[in-house]
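Colleague: Right, I'll just put the structure down here and ask away after.
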Amino acid sequence: MKTIQVLSGIAAVALLAGCASAQIGQDTTADLGARLWSNTCSRCHNLRAAPEFAAHQWPIIVNHMRTHQDLTKSEAEAIAAYLVRLTE
């Protein structure tokens, strides 16, 4: 009986760990962009509402700001994709 309880506990932990890692792996570019935008851009100024600029302007703006925050290319692209999606 004790062996069954131990095995059930191990199975439950393995199942929960699998669910947690699947959740982490599902972070989309938009999720990453939203998180980076709110955490990075707000360090220096108030965040702009996405509709303040046209969708085609956001990649240019983000690329310019990339040099100020030392963002990687993929981080800047994720932020721009997120903001473009909000304006379309």
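Colleague: Determine if region 56-79 includes at least one residue that is modelled with pLDDT under 55 and part of a helix (DSSP H, G or I).
Modeller: Going through region 56-79, the residues modelled with pLDDT under 55 turn out to be none.
Checked region 56-79: no residue is modelled with pLDDT under 55 and part of a helix (DSSP H, G or I).
Colleague: I'd like the full set of residues that are buried (at least 18 other Cβ atoms within 10 Å of the Cβ) and out of contact with any Pro (no Cβ under 9 Å at 6 or more places or on another chain), limited to region 67-88.
Modeller: L71, E75, A78, I79, Y82
Colleague: Just a yes or no: is a residue in region 5-23 surrounded by 10 or more Cβ atoms within 10 Å (Cβ to Cβ), modelled with pLDDT under 85 and not in a helix (DSSP H, G or I)?
Modeller: Within region 5-23, none of the residues are surrounded by 10 or more Cβ atoms within 10 Å (Cβ to Cβ), modelled with pLDDT under 85 and not in a helix (DSSP H, G or I).
The values are calculated or read from the model by the stated rules, or taken from the named source; none is laboratory data. Since the structure is predicted, the reported quantities are computational estimates derived from the model, not experimental observations. No Cβ is skipped: glycine too gets one built from the backbone with ideal geometry, and neighbour counts run over all protein chains shown.
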